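**Q** Here it is, the structure in full.
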Amino acid sequence: MAAAAAVARCRTPGFKGYAVQFSPFSDRLLAAATSANFGLAGNGRLVVLGAPPAPGAVQRQYDTQDGLFDLAWSETHENQIATAGGDGSIRLWDTTVGALPVAKWHEHRREVMSIEWNYTAKTTFLSSSWDGSAKVWSPAAAQSLRTFGEHAGCVYAAAWSPRHPDQFATCGEDRSVRLWSAREPGGRSLAAFGGHTDQVLSLDWNKYAPDQFATSSVDRTIKIWDIRNPRGQVAMLGPFEFSVRRVKFSPFSPHYIATAGYDMSAAVWDVRNGAVVYVHDAHTEFVFGVDWSLFHPGLLATCSWDEHVHTFNVPLPK
């Protein structure tokens, strides 16, 4: 396992970290979606930080009346960030203007749990919600473009395919994982993947093997799937002692996946053999967010309920 890395830190006082993401345009920026009172009640805050984070690294912050659970940097506008709100709203912020969002949408009936910009088509983004639906949006449209709703219960995550600009996958409270096409006329899923025995909390696609994606579940496992064979998993990591809250494939290698979990740590795993490459155990509460830098191989960011954002570099084996 790799040796301990130096950690850069910044505090988000009074606000628990739910998601963190590096800017796709600059290696000197990252942002965190945070919530007061563990996201159960109270305000949210979008925090834009200089990288690496440090005391005084906060460049901008935007407050909302309800908690924030996820964020996505725009793929077309370097200063814009979309956020997923606890009141069912999605807001688009511009870091060059004032304290109010430049756009707002409110169609979801419950908390918005995930949001992701389409990094292939770049002109749309995707949301999923506790109301059981996923929606496709355009920042230029006043209403959602499509709604998809076969899940029974919360849809924890929705993520675009890195190969097909209209294809995406979702996972949810009903223990299922589903594949969709935004062009499917009837709005029905293309395939369903069954195998987890409890709620499925997160998913992410492998950018170098774009028919494969990973999911993590309350059943304390990570499963790798291939859309060409929805009947069974390709591989499994775990079971672990605690559930993994978020999974994220490396943008530089098909072999490594980062995790954030309820064991108060983040880790990097080699999916070829299930071996742990690195463990980051500097947080003191649940770790909800993890992301890889698109500019520096091995550079990771995490955020946690301990009200801190960390960055650190993991030396990945060849």
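The values are calculated or read from the model by the stated rules, or taken from the named source; none is laboratory data. Note that the structure is predicted; figures quoted are calculated from it, not measured. Cβ: placed from backbone, ideal geometry, glycine included. Neighbour counts: every protein chain shown. Heads up: the accessible areas ignore ligands, DNA and RNA and are worked out on the full protein's heavy atoms, side chains in. Shrake-Rupley method; radii C 1.70, N 1.55, O 1.52, S 1.80 Å.
**Q** So how far, in whole Å, is the C-alpha centre of region 141-169 from the one of region 1-47?
**A** 25
**Q** Now, a different point. Gaussian network model of the chain, Cα springs within a sub-10 Å range: biggest mean-square fluctuation belongs to which of Gln59, Gln167, Gln212?
**A** Gln59
**Q** Rolling a 1.4 angstrom probe over the protein heavy atoms, how many square angstrom per residue are accessible across region 46-152?
**A** The answer is 40 Å² per residue.
**Q** Among the lysines, which have Cα under 25 Å from the Cα of Lys318 when same-chain residues fewer than 8 positions away are ignored?
**A** Answer for Lys318, where 25 Å is the Cα cut-off: Lys207, Lys223, Lys248, listed by chain and number.
**Q** Can I ask one more? What nm distance separates the two modelled labels at Asp87 and Ser26, each placed 7 Å from Cα along Cα→Cβ?
**A** 2.8
**Q** Here's another thing I want to ask about it. In whole percent, and with a 1.4 Å probe on the protein chains, what portion of the accessible area of the chain is carbon and sulfur?
**A** Answer for the chain is 50 percent, counting heavy atoms of protein chains only.
**Q** A further question on this structure: Just Ala72, Ala103, Ala31 to compare: in a GNM of the chain, with alpha carbon springs under 10 Å, which one fluctuates most?
**A** Ala103
**Q** Now, a different point. Report ³J(HN,Hα) in whole Hz for each residue of region 171-180, in order, from the Karplus equation J = 6.51 cos²θ - 1.76 cosθ + 1.60 where θ = phi - 60°; Gly and Pro get x.
**A** 9, x, 4, 7, 6, 9, 10, 10, 10, 9
**Q** Subtract the Cα-Cα distance of Val276 and His77 from 0.36 nm times their separation in residues, and report this length gain in nm to one decimal.
**A** 68.0 nm
**Q** Which one of His77, His280, His108 has the biggest mean-square fluctuation once the chain is modelled by GNM with Cα springs under 10 Å?
**A** His77
**Q** Residue farthest toward the positive end of the dipole of region 133-271, with Cβ of Lys/Arg at +1 and Asp/Glu at -1: which of Gln143, Leu237, Ser161?
**A** Gln143
**Q** Here's something else I'd like to know. Counting only heavy atoms of the protein chains, get the accessible area per residue of region 186-318 (1.4 Å probe) and round it to a whole Å² value.
**A** On a per-residue basis, 39 Å².
**Q** Each residue of region 236-249 in order: what ³J(HN,Hα) in whole Hz does its phi give by Karplus 6.51 cos²θ - 1.76 cosθ + 1.60, θ = phi - 60°, with x for Gly and Pro?
**A** In residue order, the calculated couplings are 9, 10, x, x, 9, 6, 10, 5, 9, 8, 8, 10, 8, 6 Hz.
**Q** OK, next. Using the alpha-carbon centroid of each, what span in Å lies between region 72-87 and region 248-314?
**A** Cα centres, region 72-87 to region 248-314: 22 Å.
**Q** Could you tell me the calculated FRET efficiency between Arg231 and Thr147, based on Cβ-Cβ distance and R0 = 35 angstrom, to the nearest 0.05?
**A** FRET efficiency, Arg231 to Thr147: 0.80.
**Q** Applying 1/(1 + (r/R0)^6) with R0 = 45 Å to the Cβ-Cβ distance of Asp211 and His106, what FRET efficiency is obtained, to the nearest 0.05?
**A** About 0.80, to the nearest 0.05.
**Q** R0 = 25 Å: FRET efficiency of Ala6 with Phe242, Cβ-based, nearest 0.05?
**A** Result of the calculation: an efficiency of 0.45.
**Q** Which of the trypsin sites (Lys or Arg not before Pro) across region 159-244 are loop residues per DSSP, with 12 or fewer other Cβ within 10 Å?
**A** Arg183, Arg188, Arg228, Arg231
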